[in-house]
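What follows is a single structure, written as structure tokens, with notes after it.
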């Protein structure tokens, strides 16, 4: 039944091309009525100048002003990413409230990001409104140079996006074709022999601006602070848009290759870090290749009714090998090591179809959204392990030949999800009430080729959200919401009953303020999130089975200010207090803070551009980031120290086309050490980047 619903809804947007009304639309590529396409408003997920984005799609799947969204949403704009010279998504979002990065130190493998104390790299990884699936070791990697903006939606988001974690999601929005001409070449160098070149070109193909294109690319050869570890990348992202007065179709995709390490950990002695790598340059390496292709379709029947569909297919392969610690011998200096090898193949298909209607019923104005989405993620992972050579901690020797183990373990998994959702944004004067419901069917199958064991599991869940915003005169906007989430779990308990999905619920209240006459948004929010049905050891058989009595609570306060002022000053400032606690557990850690989660976070970035006078064209930036103490083990008996990091930037517009920039990170070379359950990670030491950007 659910598959029939999916097939029907997949075709729904294209009903615009069928029937009596659709017959005329189908001829549009041949005869198009004259329209002034340049008069169209900027898309809610398109480019904006400065740091303040007034609108976003991620929080509602409709073109909605941020102040009318009853849930906490932040947007990282292209200008902020450029001013920071951010090389990763992690570096782009670390000044935002509620965002914790660096929990695993510097990690070149993928984006380790937490929202409100919960990891979002698995279930909260989105691109262009569609989830990016993952395998055990493989995640779709993101090149920030290919992004127009990054949107953070805090708190449960299942009502619009299906299975997700309670902390929220991060939507990476790709650069899309624009009518205006784009031409840019950027060269970057810096610490660890970084050599990087990038380009971004696009514009209208025809005089009527009905066909637009954009091609973005990047190539990098670099090392890292980790011994012998590269940070190499090849990236190409083409896109083309076809449009007329009522229909827009954008086809976009990218190809990317990365070479780095599968493990960023250092050896830890008695729970404290060292600078000793347990792996070896002769075998250590991770190579990932990924491709994604899809489209964004929209047809407007009139001012009141429209249909949209977003679709993407992604494929990734990974090949990795490294050495890991296997205990210290009695002599106190000889470290046993194991060799680990991993191969993953990942396929992801996602399609989201929706219909939007805007109408009024008496004094109430409505924006109603009805949708169906389908997600399929499948992976084939093969792994092997063997005994490796020992390492003398008092006389480090690297580079000896090491044989790869046979890939003896193999798991194949398929995940399918179908969701039907409905949302109504109701406005009565200055009051905006948003309510939504969603029902999901999630199927998972897993098979071990080594043991022959096959697991099948079907889950369904009802989730929702209700929230309200009141738009006072003078720019003051209080809001509140209640939202829920779910996340299926594979497995059975001691009695053979399948596990229920993990459930999350949030209660949030906040206040936004837009000072009249300024381009700025100040936000204060307070929240409580409870995650239930987590797995914890079964008291009857703790080493063999689990029960679903685990519970975690996160509550806190977030303050964030974003501004782009007329005198050339841009800023983003934030403070986060989060009280995250394991409230129920059979592991002895009830009442403890989860490993690696800080209580206090703060950040401030200021950027000033001189517009007039003899120093016109000069830009200065500076920032400070604070990361509080974190537990280093589940019982909270070991603690990682807090740290403060200083960043700075200077740039100069030599001409209208040429800009030179220099960015420095961690200027005081502060240690950023995070140990977790015996493994220790270190943040980047003082680094610098210099770039030259030429626009044509």
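Within the stretch 356-381, how many residues are buried (at least 19 other Cβ atoms within 10 Å of the Cβ) and within 17 Å of residue 439 (Cβ to Cβ)?
Total meeting the criteria: 6.
Of the numbered conditions (1) closer than 24 Å to residue 666 by Cβ; (2) surrounded by 15 or more Cβ atoms within 10 Å (Cβ to Cβ); (3) touching a strand residue (DSSP E or B) at 6+ places or on another chain (Cβ under 7 Å), residue 195 fails exactly one; give the number of that condition.
Unmet for residue 195, out of (1) closer than 24 Å to residue 666 by Cβ; (2) surrounded by 15 or more Cβ atoms within 10 Å (Cβ to Cβ); (3) touching a strand residue (DSSP E or B) at 6+ places or on another chain (Cβ under 7 Å): (2).
Give me a count of the residues in the stretch 198-211 that are touching a strand residue (DSSP E or B) at 6+ places or on another chain (Cβ under 8 Å), surrounded by fewer than 16 Cβ atoms within 10 Å (Cβ to Cβ) and not in a strand (DSSP E or B).
Counting residues in the stretch 198-211 that are touching a strand residue (DSSP E or B) at 6+ places or on another chain (Cβ under 8 Å), surrounded by fewer than 16 Cβ atoms within 10 Å (Cβ to Cβ) and not in a strand (DSSP E or B) gives 1.
So residue 237 fits all but one of (1) farther than 15 Å from residue 141 by Cβ; (2) in contact (Cβ under 8 Å) with a residue 24 or more places away in the chain; (3) buried (at least 17 other Cβ atoms within 10 Å of the Cβ); (4) in contact with a strand residue (DSSP E or B) (Cβ under 6 Å, 6 or more places away or on another chain); what number is the exception?
For residue 237, the failing item is (1).
Out of all the residues in the stretch 41-48, is one or more buried (at least 18 other Cβ atoms within 10 Å of the Cβ), within 18 Å of the chain's Cα centre (by Cα), modelled with pLDDT of 50 or more and within 28 Å of residue 425 (Cα to Cα)?
Yes, the stretch 41-48 has at least one match.
Being at pLDDT 95 or above, surrounded by 16 or more Cβ atoms within 10 Å (Cβ to Cβ) and assigned to a strand (DSSP E or B) is the filter here; which residues of the stretch 653-687 pass it?
Within the stretch 653-687, 653, 659, 661, 663, 664, 665, 687 qualify.
Being surrounded by fewer than 22 Cβ atoms within 10 Å (Cβ to Cβ), more than 25 Å from residue 263 (Cα to Cα), at pLDDT below 95 and touching a strand residue (DSSP E or B) at 6+ places or on another chain (Cβ under 9 Å) is true for just one of 184, 148, 179. Which residue is that?
179
Residues that are in a strand (DSSP E or B), in contact with a strand residue (DSSP E or B) (Cβ under 7 Å, 6 or more places away or on another chain), in contact (Cβ under 8 Å) with a residue 60 or more places away in the chain and closer than 20 Å to residue 281 by Cβ: does the stretch 363-385 have at least one?
No.
Which is farther than 18 Å from residue 286 by Cβ and either assigned to a loop (DSSP other than H, G, I, E, B) or at pLDDT below 95 (or both), of 121, 83, 96?
96
Among the residues of the stretch 509-553, how many are part of a loop (DSSP other than H, G, I, E, B) and closer than 17 Å to residue 488 by Cβ?
0
For the stretch 151-161, does any single residue satisfy the condition of being in a loop (DSSP other than H, G, I, E, B), in contact with a strand residue (DSSP E or B) (Cβ under 7 Å, 6 or more places away or on another chain) and surrounded by fewer than 24 Cβ atoms within 10 Å (Cβ to Cβ)?
Checking the stretch 151-161: not a single residue is in a loop (DSSP other than H, G, I, E, B), in contact with a strand residue (DSSP E or B) (Cβ under 7 Å, 6 or more places away or on another chain) and surrounded by fewer than 24 Cβ atoms within 10 Å (Cβ to Cβ).
Given the criteria surrounded by fewer than 18 Cβ atoms within 10 Å (Cβ to Cβ), touching a strand residue (DSSP E or B) at 6+ places or on another chain (Cβ under 9 Å) and more than 30 Å from residue 476 (Cβ to Cβ), does residue 518 qualify?
no
Which residues, counting only those in the stretch 592-603, are buried (at least 17 other Cβ atoms within 10 Å of the Cβ) and closer than 21 Å to residue 91 by Cβ?
596, 597, 598, 601, 602, 603
Can you name every residue in the stretch 212-236 that is within 20 Å of residue 196 (Cβ to Cβ) and not in a strand (DSSP E or B)?
222, 224, 225, 226, 228, 229, 231 - these are the residues of the stretch 212-236 that are within 20 Å of residue 196 (Cβ to Cβ) and not in a strand (DSSP E or B).
Would you confirm, using the coordinates I've provided, whether residue 491 is farther than 23 Å from residue 554 by Cβ and either touching a residue at least 60 places away in the same chain (Cβ under 8 Å) or touching a strand residue (DSSP E or B) at 6+ places or on another chain (Cβ under 9 Å) (or both)?
yes
Answer yes if at least one residue in the stretch 212-226 is out of contact with any strand residue (DSSP E or B) (no Cβ under 6 Å at 6 or more places or on another chain), more than 25 Å from residue 669 (Cα to Cα) and touching a residue at least 40 places away in the same chain (Cβ under 8 Å), and no otherwise.
No, there is no match, as no residue in the stretch 212-226 is out of contact with any strand residue (DSSP E or B) (no Cβ under 6 Å at 6 or more places or on another chain), more than 25 Å from residue 669 (Cα to Cα) and touching a residue at least 40 places away in the same chain (Cβ under 8 Å).
Here are the criteria: (1) touching a helix residue (DSSP H, G or I) at 6+ places or on another chain (Cβ under 9 Å); (2) surrounded by fewer than 19 Cβ atoms within 10 Å (Cβ to Cβ); (3) assigned to a strand (DSSP E or B). Tell me which single one residue 245 does not satisfy.
Evaluating residue 245 over (1) touching a helix residue (DSSP H, G or I) at 6+ places or on another chain (Cβ under 9 Å); (2) surrounded by fewer than 19 Cβ atoms within 10 Å (Cβ to Cβ); (3) assigned to a strand (DSSP E or B) leaves (3) as the failure.
Do the conditions hold for residue 404, that is, is it at pLDDT below 95 and over 25 Å from residue 307 (Cβ atoms)?
When the stated conditions are applied, residue 404 passes them.
Of the residues 98, 124, 117, which is under 12 Å from the mean Cα position of the chain (by Cα), within 23 Å of residue 523 (Cβ to Cβ) and surrounded by 21 or more Cβ atoms within 10 Å (Cβ to Cβ)?
The match here is 124.
The values are calculated or read from the model by the stated rules, or taken from the named source; none is laboratory data. Since we're looking at a predicted model, the values are computed, not measured. Quick reminder, even Gly has a Cβ in these numbers, built from the backbone with ideal geometry, and neighbours come from all protein chains shown.
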